[in-house]
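Participant: Please see the structure below; I have some questions.
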Amino acid sequence: MVAVKKSKKTHESINNRLALVMKSGKYTLGYKTVLHSLRNSKGKLILLSNNCPPLRKSEIEYYAMLAKVGVHHFNGNNVDLGTACGKYFRVSCLSIIDPGDSDIIKTLPGDH
Amino acid sequence: MVKFLKPNKAVIVLQGRFAGRKAVIVRSFDEGTRDRPYGHCLVAGIGKYPKKVIRKDSAKKTAKKSRVKAFIKLVNYSHIMPTRYTLDVDLKDVVTLDALQSRDKKVTAAKETKARFEERFKTGKNRWFFSKLRYDSNVIRLSLIKSWVKQEKSEERVQTVGGLQ
């Protein structure tokens, strides 16, 4: 399967949607809380940065497969994901618990 | 969004004396209790795996090699790795919170669990559960087969285990 190069347009829209979630929805940042949210089935969408360590990435993907939750591989590293969340720290993985006004959950899980 | 830490789920214990051992969830406490204010579950697992039996083994040897040692434990969810496998052995009446109160009760419960595990092992079902998980020193290598996008893909994962030789 050829990976489709993400065009700049869709990438911006992901950032916009994320910003909306940060403003209006519920989310958790960080590996530990992402696993928590998957275990008690609160998480609705998981985002992983592209420099997330491969072991951690596959572990989160496995949990998400068990929980039937979508995982989105963010097109950027943890610095970019942190910036996209409006935070001044790095974010490797985040879990969206309640999307608020955003439609990120409906539009994103096209890729696993 | 599906709850997967349910009874009969096969898991792998990651920390403690039984790190690297496979276990099955008998009862789960998602919200925790007074004494344990975190999500945890009651698991019954394999302390000692049954050994490999070969064709030229006598009946006595086969019986000896097919023995299983069981353990019963309350484990935190974060010290457990869930798998996609399940094991439906009915242990609800044997493995209870009550059984963990005193030493003798625990021993009798473990003996009964051992008997049920052995019985299941001898039928030849759930082979994955009764086989030892191969891992390197200080590191658990999990071969977990995921059904992923209509295909079965083998993936090897590695996870660090505390205190394991």
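Participant: Considering protein heavy atoms only and a 1.4 Å probe radius, which residues within the range A:55-89 exhibit an accessible-area decrease of no less than 20 Å² in the full assembly relative to the chain by itself?
Facilitator: Those are A:Leu55, A:Ser58, A:Glu59, A:Glu61, A:Tyr62, A:Tyr63, A:Met65, A:Leu66, A:Ala67, A:Lys68, which lose 20 Å² or more relative to the chain on its own.
Participant: Additional query: Over all pairs of distinct alpha carbons, what does the Kirkwood formula give as the hydrodynamic radius of the protein assembly as shown, in Å?
Facilitator: The answer is 20.7 Å.
Participant: Can you give me the orientation-averaged projected area of the convex hull built on the Cα atoms of the range A:54-94, in nm²?
Facilitator: 2.9
Participant: Follow-up question, since we're still on this one. Find the accessible area per residue for chain A; the probe is 1.4 Å, ligands and nucleic acids are left out, and the unit is Å².
Facilitator: Numbers: 5910 Å² over 112 residues.
In whole numbers, chain A has 53 Å² accessible per residue.
Participant: Then there's this: Which chymotrypsin sites (Phe, Trp or Tyr not before Pro) in the range A:1-100 pass both tests, a DSSP loop state and at most 13 other beta-carbon atoms within 10 Å?
Facilitator: Taking the range A:1-100 and a limit of 13 other Cβ atoms within 10 Å, the loop chymotrypsin sites (Phe, Trp or Tyr not before Pro) found are A:Tyr88, A:Phe89.
Participant: When only Cα pairs under 8 Å and 6 or more residues apart are kept, what is the percent relative contact order across chain A?
Facilitator: Here the relative contact order equals 40 percent.
Participant: Return the average number of partner chain Cβ atoms within 10 angstrom of each residue Cβ along peptide A:36-44.
Facilitator: Neighbouring Cβ atoms belonging to other protein chains average 4 per residue here.
Participant: Now for a different question. Could you give the accessible area per residue of the range B:1-110, probe 1.4 Å, as a whole number in Å²?
Facilitator: Result: 56 Å² per residue.
Participant: For the range B:1-123, what is the charge dipole size about the Cα centre, in debye to the nearest 20, if Lys and Arg each add +1 at the Cβ and Asp and Glu each add -1 at the Cβ? Walk me through the intermediate numbers first.
Facilitator: Numbers: 31 positive and 12 negative charges, 199 e Å.
Once rounded to the nearest 20, the dipole reads 960 debye.
Participant: Here's another thing I want to ask about it. Leaving out ligands, DNA and RNA, calculate the buried accessible area for the pair B and A with a 1.4 Å probe, summed over both sides, in Å² to the nearest 100.
Facilitator: 1900
Participant: Same structure again: Is there a simple number for the mean count of other chain Cβ atoms within 10 Å of the Cβ of residues in B:58-66, and what is it?
Facilitator: Rounded to a whole number, the mean comes out at 0.
Participant: Where the centre of each part is set by its Cα atoms, how far does the range B:28-70 sit from the range A:70-112, in angstrom?
Facilitator: 40
Participant: Something else about it: So, counting K/R as plus one and D/E as minus one, what does the shell of residues with Cβ under 10 Å around B:Lys114 add up to?
Facilitator: +2
Participant: Using DSSP, restrict attention to beta bridges with both residues in the range A:24-98 and report what percent are antiparallel, rounded to the nearest 5.
Facilitator: Rounded to the nearest five, the antiparallel share is 65 percent.
Participant: Per residue, what volume in Å³ does the Cα convex hull of the range A:24-98 take up? Walk me through the numbers before you get to the answer.
Facilitator: Details: hull volume 5.6 nm³, N = 75.
Per residue, the Cα convex hull of the range A:24-98 comes to 74 Å³.
Participant: Carbon and sulfur: what percent of the range B:9-134's accessible surface (1.4 Å probe)?
Facilitator: 48
Participant: Now, a different point. Using a simple charge model, +1 on the beta-carbon of Lys and Arg, -1 on the beta-carbon of Asp and Glu, nothing else, what dipole does the protein assembly as shown show about its Cα centre, in debye to the nearest 20?
Facilitator: That gives the protein assembly as shown a dipole magnitude of about 1460 debye.
The values are calculated or read from the model by the stated rules, or taken from the named source; none is laboratory data. What you are looking at is a predicted structure, and each value in this text was computed from that prediction instead of being measured. A quick note on method: Cβ atoms are made from the backbone with ideal geometry, for glycine too, and the neighbour counts reach across all protein chains shown. Ligands, DNA and RNA are excluded from the accessible area calculation, which covers all protein heavy atoms including side chains. Shrake-Rupley method; radii C 1.70, N 1.55, O 1.52, S 1.80 Å.
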